4 protein chains.
Amino acid sequence: MTGVAIVGASGYASRELIRILLNHPGAEIRVATSRQDDSPRVDALHPSLAGRIDLACEPFDADRLAERARVAFLALPHTASMAVVASLRERNVRVIDLSADYRLTDAQIYADWYGHTHTDAVGLKEAVYGLPELYRESIPPAGLIANPGCYTSTSILALAPLIRENLVERTGIVIDAKSGVSGAGRSPKLSTHFPECNESFSAYNVGKHRHTPEIDQVLTDVGCAQGDPVEVIFTPHLVPMDRGIFATIYATPRGPVVEHDLLDLYRSFYKQSPFVRVVSHLPATKESAFTNYCDITVRVVRGKVVVLACLDNLIKGASGVAVQNFNLMFGHPETTGLAL
Amino acid sequence: MTGVAIVGASGYASRELIRILLNHPGAEIRVATSRQDDSPRVDALHPSLAGRIDLACEPFDADRLAERARVAFLALPHTASMAVVASLRERNVRVIDLSADYRLTDAQIYADWYGHTHTDAVGLKEAVYGLPELYRESIPPAGLIANPGCYTSTSILALAPLIRENLVERTGIVIDAKSGVSGAGRSPKLSTHFPECNESFSAYNVGKHRHTPEIDQVLTDVGCAQGDPVEVIFTPHLVPMDRGIFATIYATPRGPVVEHDLLDLYRSFYKQSPFVRVVSHLPATKESAFTNYCDITVRVVRGKVVVLACLDNLIKGASGVAVQNFNLMFGHPETTGLAL
Amino acid sequence: MTGVAIVGASGYASRELIRILLNHPGAEIRVATSRQDDSPRVDALHPSLAGRIDLACEPFDADRLAERARVAFLALPHTASMAVVASLRERNVRVIDLSADYRLTDAQIYADWYGHTHTDAVGLKEAVYGLPELYRESIPPAGLIANPGCYTSTSILALAPLIRENLVERTGIVIDAKSGVSGAGRSPKLSTHFPECNESFSAYNVGKHRHTPEIDQVLTDVGCAQGDPVEVIFTPHLVPMDRGIFATIYATPRGPVVEHDLLDLYRSFYKQSPFVRVVSHLPATKESAFTNYCDITVRVVRGKVVVLACLDNLIKGASGVAVQNFNLMFGHPETTGLAL
Amino acid sequence: MTGVAIVGASGYASRELIRILLNHPGAEIRVATSRQDDSPRVDALHPSLAGRIDLACEPFDADRLAERARVAFLALPHTASMAVVASLRERNVRVIDLSADYRLTDAQIYADWYGHTHTDAVGLKEAVYGLPELYRESIPPAGLIANPGCYTSTSILALAPLIRENLVERTGIVIDAKSGVSGAGRSPKLSTHFPECNESFSAYNVGKHRHTPEIDQVLTDVGCAQGDPVEVIFTPHLVPMDRGIFATIYATPRGPVVEHDLLDLYRSFYKQSPFVRVVSHLPATKESAFTNYCDITVRVVRGKVVVLACLDNLIKGASGVAVQNFNLMFGHPETTGLAL
């Protein structure tokens, strides 16, 4: 039984993570931290957990945490994560960081997109990108996992087979992405106020969303044998629903493509990946909601390859993949605790 | 053409009010105020009004307002309204106040339920309760209208015929009320954050909602001939929808009642009221959404009288009834501008 | 490992039941039936189950079912259940019936409310009402379980402590109930067409809902020592959300009541019941959604006892309580498979 | 006052049309038809219209219709429209057809996409495509208007300036479109059953949606001076909301483009069009919901032109544009009755 800490317990991803870990036979949540002054109980933060967890939050303290936990899941805002990682790693606590702080390998790109200087070069070097479907071999020994972004996972899983096989042009790829509102976090804002976003569909951060360089970077890495960097046009939208990300992706094939062959390629590419379902029907976010699955299909329309992919942003896009990483790091089957 | 001021232009009721007044042949919006520093344009506050109104907000200034407007609609938080009413009335500006500040005639009850001392005894005395269906005669000459609350209008219109005819017991009346989220205003809060209230139904302020004494007071007044005060058990709930209030009301008849006769009574009671529709089917909030109608029906179930009523909280529950009051005050037919 | 049959696999309750049983260590789904001609695969009926179950539906055949399954969950429309129960019982298959067919012990009341003559008097006699919180002792040996209705469970769990302790009047109890749309089943109808019920709140079947006599019957049984039958005024409403039932219940106390004492009574009453959470805050359906919990609290408002209760209609209101019953019948801990 | 007939009064577009025409000073609804046997009243079909229209539906009869109406709005399924148009035109009734029957000028393309032979070659020849922003000159004298599709209007208005100015490539244009559920009509289906589509986002008819050839045809016509046909990749999605269409469109510029200049081009292109709002912010469907506006903006992202456009599918995408056409045909200002 591995002692686990949840650092930043008040958000939605943390709530889902706690819910999953409570049913995980190899994990025990021993620490939960919060910056709230009054050390709220976890089930006061998350009434849905009433009767399921008897634990009060505490302020973050690396020493006290390290006494009880061998791994810390960080669910902190970016920049807050990099402020605590070193203290945990020094105490031999392994870290699964759900923030964006260790996803971009190039500190300059981080600075450009996030508007902050990166202050933990050591961590940045140690970090392993935690997308098991692509980096399953690197994760088990890792001390620090950069858990991928939700849009990012959807987009990368949807495009990786095409890029690795060099079937499509690497620039001009359009990722038209749609997210439920929980993707915006739990802090109330006007844009996520119910009467503003209910019964409305909108685009936001067009051309500016911070998951863009992360998608570029990982897909470029996926396709490294062929050299050219991948550069995507990424457009996020807000959908009046709680959870779910849907990406509709348009890529230009380098040569003739056949829909059936592409589906076969995807099935083969993911045959070792229990949480990617290559389906022949057009998926709907609801089919993967509350699960750790990413559902993907492919179509060819008037000469374009159209990939459609979806997942639950809070699970496969955050907490569930974090538990996949935990499983790989601590020697459990990848699916343990994730048959949701 | 009457010059109109909207004091506190940034909320939802103001947006609806502006939208209605823009099509009103007898009103011209000449002033809009906001406490925001940068004097935002009205259509920047409300992008849905783009191209429809060319006006920038200004800070509240009674003199400047009085030069241009003969009537001010106040859409301010409670206590903020009573701070400005006197300055407007002194300058002969008539006021339609959408806040709660002038609805309760007894300053002590106001203090008890709102937690503030009432500071405008003069205004309180002058104020006329602006529910045209009950006080149509008093409104035309009024200088200060206390526009009713949204739950209140629904509940009172649903119960007035029974109370006036003394058909039901005056205590123990249960008002189980349900509101869309826009009723909570436009300020983001955790409880109105989309992922919290979407796909959820909950009760709030049970036994404590401030519309309770307002309902008591007006219904007691409606039934004054019979003496006993009305005391209701009022339970508000939050529905995952934008707009609409639905009240399911349970009253104990004093004697035998027949459903059909009750429907006739309601039809007769409201036959001069163009915005009350007594229907025989069970109403749905969507049927009155975006209109100024209140839909009501009555059933008898196992000896209880069950009244079901609904309306659009932002229109019939706020801006629309305000325009009814405006029409009565300025000599227009009651329905002008309200055929939405 | 107990072989299990799902009879009528295409509905929402069946989908949830399958999802739960797939993670249940003591159950194996060996049979799924459907009246659809083409013997659809279960994951074709329910795409969310893709990759999780490899089973095709078959037509109902009691012999073939009995060869493989020791228990059948019937998720059929009323009247369809009573047409097959005898054939299963004769073959020693135990039955958990999710329809209404065996809930009402009096065939005449069934006929009055459902408009059909009851044709299985033997089954009616054998049936045990499957609400474990009240009938935990009778369920283990049962051959035929009448799984309770969703509104019914909510209402009964909310009222049972008050009735058993004889604290409230037995007539005039108001149950104002609200349900998500999945409660109406999976067959498309105009009233559950998205653009009709989204952004709308409405009442339906006022005074006529078939769960009424079921609530009366069970609560009368709960309070049998005191004699008088319970008769409730039950009003169902439709909420624009998928799942969840919320009941706001108003009862008249027979004597003085104190809120705090009532909460203690509820806690004590349910202390052996792992799936009833007596909470002190006002519950929201979302907190119990996707779980097998029923959350309850109590308030005293102007002399009335107000009980607020909610649960997930598809789980605690249907499939989850069915698995509780399965657990009790087959010797598993009541919570097995239900830590959702 | 022009006598108007609504042929096929039971759908959502008809309801909106009736609602608009009731406030139109130059129109009087004298006929409403329905295939329902019992000649339902219009306000029985649409309870929201209670108290606003006193008219019963009748079966379609060209003679009786022509006696009272000079124009008929046809809100019939495709193929049903072409079965009645000739009978109306022979009787000198002008027709605004909201179905797809007269939109495609090439009967073979109609047959290919709709799976039916076109049976009214005369009407096809007479029909004028009713998108006022592009064909304002042709509409006034028209006897038969083919009212455009909702996805189509959004897409065409968003792309017309780029195509007419020949600024973008004509193939490979990606139209990623999203629609509220009312776009699917009022007939209940599993895919539009609330619990299926609520809290879900999905794609449908990928590569096969019938609005595709309509967009191709009109944009090819818009860009006729330059010759090459336009061919779009059109992907429709279903959004869990009632109304609104949002299109995110990706086009490849033929040469360098500057965002600011593109916005200027759009403003100039639509300066005579009162219902197109070229905005600089990113639009949301809610801002144009319940209005006749189409909101459009443009961005340049990594060398692609990204156009974002939205409108209310039932108004600007159906009934509102129909009234624009009516206004142009009968000599009213284009905006009459449409200041919603």
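What is the Å³ per residue value for the convex hull set by the Cα atoms of chain D?
Considering the Cα atoms of chain D, their hull volume per residue is 134 Å³.
The label-point distance for A:Arg302 and C:Ala121, in a model that sets each label 7 Å from Cα toward Cβ, rounds to 7.1 nm. Between amide H atoms placed 1.01 Å from N, distances below 5 Å from D:Val95 occur with D:Ala72, D:Leu144, D:Ile145, all of them 5 or more places distant or on a separate chain. The value obtained for the protein assembly as shown, namely the Cα convex hull volume divided by the number of residues, is 180 Å³ per residue.
Between copies, the label points at A:Glu259 (set 7 angstrom from Cα along Cα-to-Cβ) are spaced 3.6, 5.3, 6.1 nm, reported in nanometres from shortest to longest.
Among residues of chain B, the one whose Cβ lies closest to the rotation axis carrying chain B onto chain C, together with that distance rounded to whole Å, is B:Asp176, 2. Look at the stretch A:230-243: the mean tally of other chain Cβ atoms within 10 Å of its residues' Cβ atoms is 6. Here region D:2-126 is treated as a Stokes sphere of Kirkwood radius computed over C-alpha pairs; at 10 °C and 1.306 mPa s its diffusion coefficient rounds to 106 µm²/s. Taking the dipole about the Cα centre of chain A, with the C-beta of Lys and Arg at +1 and of Asp and Glu at -1, give me whichever of A:Ala111, A:Phe290, A:Gly207 is farthest to the positive side. After comparing all options, I get A:Phe290.
Pull up the DSSP beta bridges for chain D and report the antiparallel fraction as a percent, rounded to 5. If I count the DSSP bridges inside chain D, around 45 percent turn out antiparallel. Along the axis of the charge dipole computed for region C:40-91 (Cβ charges of +1 for Lys and Arg, -1 for Asp and Glu, origin at the Cα centre), the listed residues C:Ala44, C:Pro59, C:Val85 are led at the positive end by C:Val85.
Rolling a 1.4 Å probe across the protein heavy atoms gives region D:2-126 an accessible surface of 42 Å² per residue. This model, with +1 at the C-beta of Lys and Arg and -1 at the C-beta of Asp and Glu, gives region D:88-206 a dipole about its Cα centre of some 280 debye.
The amide H of B:Phe234, built 1.01 Å from its N in the peptide plane, has B:Ile175, B:Gly207 as neighbours under 5 Å, considering only residues 5 or more places off or on other chains.
Across region C:271-280, coupling constants 3J(HN,Hα) worked out from phi with the 6.51/-1.76/1.60 Karplus curve, θ = phi - 60°, read 5, 8, 10, x, 9, 10, 10, 8, 10, 8 Hz, and Gly and Pro carry x. Taking Cβ atoms as reference points and 13 Å as the exclusive limit, the residues near B:Asn23 contribute a net charge of 0, counting Lys and Arg as +1 and Asp and Glu as -1. Using only alpha-carbon positions in region D:151-313, the gyration tensor eigenvalues give semi-axes of 27, 18, 14 Å once each is multiplied by 5 and square-rooted (largest first). Under the shape rule built on the C-alpha gyration tensor, where the axes satisfy a ≥ b ≥ c, region C:147-202 is prolate, since a/c reaches at least 1.5 and a/b is greater than b/c. The heavy atoms of A:Glu90 offer some 140 square angstrom of accessible surface to a 1.4 angstrom probe. Taking amide H as placed 1.01 Å from N in the peptide plane, the amide H of D:Val276 sits under 5 Å from that of D:Cys294, each at least 5 places away or on another chain. Using the Cβ of D:Pro229 as centre and a radius below 13 Å, the other residues enclosed give a net charge of -4, where K and R count +1 and D and E count -1. Each of B:Val239, B:Gln217, B:Ser153 was placed along the dipole of chain B (beta-carbon charges, centred on the mean Cα), and the one lying farthest toward the positive end is B:Val239.
For chain A, modelled as a Gaussian network with Cα springs under 10 Å, which listed residue fluctuates most, A:Phe326, A:Phe246, A:Phe290? With Cα springs under 10 Å in chain A, the top fluctuation among A:Phe326, A:Phe246, A:Phe290 is at A:Phe290. D:Asp112 label point (Cα plus 7 Å toward Cβ) to equivalent points in the other copies: 4.4, 6.6, 7.7 nm, shortest first. Mean partner shielding of peptide C:277-287, defined as the number of other chain Cβ atoms within 10 Å of each residue Cβ, is 6. Listed by chain and number, the aspartates and glutamates whose alpha-carbon sits under 15 Å from that of D:Lys208, ignoring those within fewer than 8 places in the same chain, are A:Glu259, D:Asp112, D:Asp176, D:Asp216, D:Glu231. Per-residue shielding of C:38-51, expressed as the average number of other chain Cβ atoms within 10 Å of the residue Cβ, stands at 3.
If only the Cβ of Lys and Arg carry +1 and only the Cβ of Asp and Glu carry -1, the dipole of the protein assembly as shown around its Cα centre is close to 0 debye. With its label point defined 7 Å out from Cα along the Cα-to-Cβ axis, D:Leu55 lies at 3.5, 5.5, 6.5 nm from the matching points of the other copies, in increasing order. Taking Cα centre as origin and charging only the Cβ of basic (Lys, Arg, +1) and acidic (Asp, Glu, -1) residues, the dipole magnitude of chain C rounds to 420 debye. Using the Stokes-Einstein relation with a Kirkwood hydrodynamic radius computed over Cα pairs, the translational diffusion coefficient of region C:217-306 at 20 °C and a viscosity of 1.002 mPa s comes to 142 µm²/s. Legend: residues in region A:192-219 shielded by at least 30 square angstrom of accessible surface upon adding the remaining protein chains to the isolated chain (1.4 Å probe, heavy atoms) are A:Thr192, A:His193, A:Phe194, A:Pro195, A:Glu196, A:Asn198, A:Glu199, A:Ser200, A:Phe201, A:Ala203, A:Val206.
In terms of overall dimensions, region A:52-206 has a Cα radius of gyration and Dmax of 18.1, 53 angstrom.
The sum of -39500 (n - 2.57) across all DSSP H runs of n ≥ 4, divided by the residue count of chain A, sets its helix-only mean residue ellipticity at 222 nm to -8000 deg cm²/dmol.
For C:Cys224 and C:Ser87, what is the calculated FRET efficiency with R₀ set at 41 Å and r taken between the beta-carbons, to the nearest 0.05?
0.75
The values are calculated or read from the model by the stated rules, or taken from the named source; none is laboratory data. Fair warning: this is a prediction, and the values are worked out from it, not measured in the lab. Positions of Cβ are generated from backbone atoms using ideal geometry, with glycine treated the same way; all protein chains shown enter the neighbour counts. The area values use the complete protein model at the heavy-atom level, side chains included, leaving out ligands, DNA and RNA. Shrake-Rupley method; radii C 1.70, N 1.55, O 1.52, S 1.80 Å.
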